[in-house]
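The values are calculated or read from the model by the stated rules, or taken from the named source; none is laboratory data. Computed from a prediction, not measured in an experiment: that's the story for all the values here. Backbone-built Cβ (ideal geometry, glycine too); neighbour counts: all protein chains shown.
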Amino acid sequence: MAEPIRSVLFVCLGNICRSPSAEAVFRHKVKLAGVAIDVDSAGTQGYHTGSLPDERSMEAGLSRGYNFEGISCRKVEKSDFSRFDLIVAMDEVNLRNLQSESPDEYHHKIQLFMSYSELEEEIVPDPYYGGKKGFEYVLDLIEDASDGLIRHIQTN
Ligand code: 4NP
């Protein structure tokens, strides 16, 4: 039987748009579901270390009732691979970067976030260089995949 999932790390490139949004949405939803999960996010790059999430992500998230308090940008660390039960990548580039940084024994922990969704999309696309609609779409995908991941956690 698979190990229970008690901690989840969401990962994107910059850790200022997609993964902090996933952290905020997932925190909200696990609380509502009454599931105890340690939730964090990080980026494969450290360009924005110490920054708050992108204002456009926060504006979109806050208007849907999500809370970004205490979320600030950090880079993925080696210890994350042993510390977290599940490491969730937003796209294939993040997935490959994580796989190349991870010791082999932890590769099974690294999964694409959209694999927990039944929507057609296979990745959460980077909204950074686009407009407001992209940030709303990112949240639509994150909400659906979060519901799917919570169902997965509850049934495994
Ligand atoms: P994220 O988006 O990976 O969803 O946080 C990006 C944020 C910053 C950059 C690229 C993507 N950047 O090139 O600075």
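Here are a few things to note about the model shown:
- The sole residue among Ser19, Ser115, Ser72 that is in contact with a Phe, Trp or Tyr (Cβ under 6 Å, 6 or more places away or on another chain) and polar (S, T, N, Q) is Ser19.
- From Ala22, Ala42, residue being of a type in the set (Gly, Ala, Ser) and over 21 Å from Ser102 (Cα atoms): Ala22
- Filter result for the condition that a residue is closer than 23 Å to Ala2 by Cβ and at pLDDT 95 or above, over Ser57, Ser51, Ser63, Ser117: Ser117
- Among (1) touching a residue at least 60 places away in the same chain (Cβ under 8 Å); (2) loosely packed, with under 14 Cβ neighbours inside 10 Å; (3) assigned to a loop (DSSP other than H, G, I, E, B), the one test that Gln154 misses: (3)
- Just one of the numbered conditions (1) under 24 Å from Ile153 (Cβ atoms); (2) of a type outside the set (Ser, Thr, Tyr); (3) touching a Cys at 6+ places or on another chain (Cβ under 7 Å); (4) without any contact (Cβ under 8 Å) to a residue 40 or more places away in the chain is not true of Arg18: (4).
- The residues of the range 40-75 that are over 17 Å from Leu9 (Cβ atoms), charged (D, E, K, R) and surrounded by 14 or more Cβ atoms within 10 Å (Cβ to Cβ), listed by number, are Asp54, Arg56, Arg64.
So that you can scan it fast, the table gives a plain yes or no per residue for (1) more than 13 Å from the chain's Cα centre (by Cα); (2) loosely packed, with under 14 Cβ neighbours inside 10 Å; (3) within 16 Å of the ligand (Cβ to nearest atom):
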position: Asn97; (1), (2), (3): yes, no, yes
position: Lys109; (1), (2), (3): yes, no, no
position: Leu112; (1), (2), (3): no, no, yes
position: Leu119; (1), (2), (3): yes, yes, no
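- Some residue of the range 3-17 being away from the ligand (no atom under 12 Å from the Cβ), more than 23 Å from Lys132 (Cα to Cα) and at pLDDT below 95: yes
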